[in-house]
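First up is the structure itself, then whatever we jot down about it.
The values are calculated or read from the model by the stated rules, or taken from the named source; none is laboratory data. Everything numeric in this text was worked out from a predicted model, so none of it was measured. In this analysis, Cβ positions are derived from the backbone assuming ideal geometry, glycine residues included, and neighbour counts consider all displayed protein chains. Surface areas here come from the heavy atoms of the whole protein model, side chains and all, with no ligands, DNA or RNA. Shrake-Rupley method; radii C 1.70, N 1.55, O 1.52, S 1.80 Å.
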Amino acid sequence: MGENGDPDRPTLPRLLADPATSFALKTVIKAWAGRDSLDAEHDARLLHEAFVGEVDQQLEVTP
């Protein structure tokens, strides 16, 4: 079962084992494996927000 009791929530081992996971994401997971989880999670949220902004700009979506 995944974190917080959600069996569908992705976990790092599942993502690494999943052939559908991109090589780019697997590379980040492996590179960040030794980091403090809270720091990695914070950086991942920042990266997510930056990419959301990029996609919004490309699609000319105004927040």
Pair Ala50, Val28: separation of 7 Å Cα→Cβ label points (nm): 1.0 nm
Answer label for Cα extents along the principal axes in Å (calculated), chosen among [x] 33, 19, 17; [y] 38, 25, 24; [z] 29, 17, 16: [y]
Area accessible to solvent at Asp18, 1.4 Å probe radius, in Å²: 60 Å²
Sulfur and carbon atoms: percent of accessible area, the chain [1.4 Å]: 60 percent
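Rolling a 1.4 Å sphere over the protein heavy atoms, what is the accessible area per residue of the chain, to the nearest Å²?
Values: 5450 Å² over 63 residues.
Accessible surface, normalised per residue, equals 86 Å².
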